[in-house]
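Enquirer: This is the structure I want to talk about, given as structure tokens.
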Amino acid sequence: MFGGKIGTPEIILILVVVILLFGAKKLPDMARSLGKSARILKSEAKAMKEDKDKDKSSAPADPPAPGDESAAQRTIQAAPGDVTSSRPVAEPTDTTKR
């Protein structure tokens, strides 16, 4: 079907087509946004790795017993970022006003 190698004429043709499609003014903006996206992705990956390492090093030695009253109160969260629906576990779920 197609040749196995891409030479200089093919690369030049591809570049000309890209310039014609997107225009010379749009290419620097596209390259800038691509670089910005790559930096954001890199920083997020680094932060996730640091969080993972931090979680491993700070694991509790003895978890509290299930019926222990001195244990910290847990919070149930319905959706990430939704602070209005967060409530303590011990709180009744009945939200009607009496």
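Every number here is computed from the coordinates shown, using simple stated rules; none is lab data. Just so it is clear, the structure is predicted and the values come from calculations on it, not from any experiment. Note that each Cβ is placed from the backbone with ideal geometry, even for glycine, and that neighbours are counted across all protein chains shown.
Enquirer: Under 20 Å from the Cα of K52, which lysines turn up, not counting those fewer than eight places away in the same chain?
Expert: Straight-line reach from K52, under 20 Å: K42.
Enquirer: Moving on. What nm value, rounded to one decimal, do you get for the distance between L20 and I40 when each label is placed 7 Å out toward the C-beta?
Expert: Here the modelled spin labels are 3.3 nm apart.
Enquirer: With the Cα gyration tensor of the range 1-50 giving a ≥ b ≥ c as the square roots of its eigenvalues, does the rule (a/c under 1.5 for rounded; else a/b larger than b/c for prolate; else oblate) give rounded, prolate or oblate?
Expert: oblate
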